[in-house]
Amino acid sequence: MNAPADDSSDELPNLRSPALAAFLTWLLPGLGHWYQGRKFKAILFGSCIIGIYLVGLWIGRGLVVYWTWINPLKDSENFRLSFIFQSFVGGFTLPGIIQGLLLWQDKPPILDGWMAAPPQEVVNGLHPKIGRLVEIGTVYTAVAGLLNLLAMMDAYGGPVRYAQPDPEANPEDESAGSNADSVTLQDSDTRSGQV
């Protein structure tokens, strides 16, 4: 996903503290890549992930991202499994985590109730008004979280590099090795009864 590297250089980019880069990517998608100097990926990941998340939030009228502290074994219907995936967007879901914690402790919501769990009648009233868009908004925000999880892994592990063939290797040596491998493979197939 980075701009094509110069073929003459096989050096990996300096990743600068991969753990911090992964945390920064969780906090704000693309920030960890920017910190590492991989600005193209930062802009690409940040704009795509934040865009998908905000579109999902808009489609669901801002009521599809919230957390409730519920034991899934006791009340599986009201458990917000989708929020676990949404939480990988990080900084955008922190208000939902804080609001859920306040609700669990029987304290009033802050930030004018933004990302607080809506009353059940509001949630039930969404389906007749906007129909399937509730689920679509939930899926968009959850997918944004999962994409950011991949971006965090990329910030931590860096770009994937594949081994380049050695141009000075003798092609005759390679062909002899591949013939030996094919003979061994044929022998093992014959022994196992597969022809």
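Remarks
- Number of residues in the range 99-128 that are without any contact (Cβ under 8 Å) to a residue 40 or more places away in the chain and in contact with a Leu (Cβ under 8 Å, 6 or more places away or on another chain) equals 4.
- Residues being among the hydroxyl-bearing types (Ser, Thr, Tyr) and either touching a Pro at 6+ places or on another chain (Cβ under 6 Å) or surrounded by fewer than 20 Cβ atoms within 10 Å (Cβ to Cβ) (or both) - total across the range 44-77: 3
- Residues of the range 76-109 satisfying the condition of being closer than 13 Å to VAL65 by Cβ, assigned to a loop (DSSP other than H, G, I, E, B) and not charged (D, E, K, R): THR93
- Qualifying positions in the range 52-84 - of a type in the set (Lys, Arg) and under 13 Å from TRP104 (Cβ atoms): ARG80
- Residue match in the range 40-60 (condition: modelled with pLDDT under 95, touching a Lys or Arg at 6+ places or on another chain (Cβ under 6 Å) and not in a helix (DSSP H, G or I)): no
- Test for LEU73: is it more than 15 Å from LEU54 (Cα to Cα) and outside any helix (DSSP H, G or I): yes
- The set of residues in the range 110-161 being charged (D, E, K, R) and in a helix (DSSP H, G or I) consists of ASP112, GLU121, LYS129, GLU135, ASP154.
The values are calculated or read from the model by the stated rules, or taken from the named source; none is laboratory data. This one's a predicted model, so the numbers in the text were calculated from it and none came from an experiment. Note that we place each Cβ from the backbone using ideal geometry, even for glycine, and neighbour counts take in every protein chain shown.
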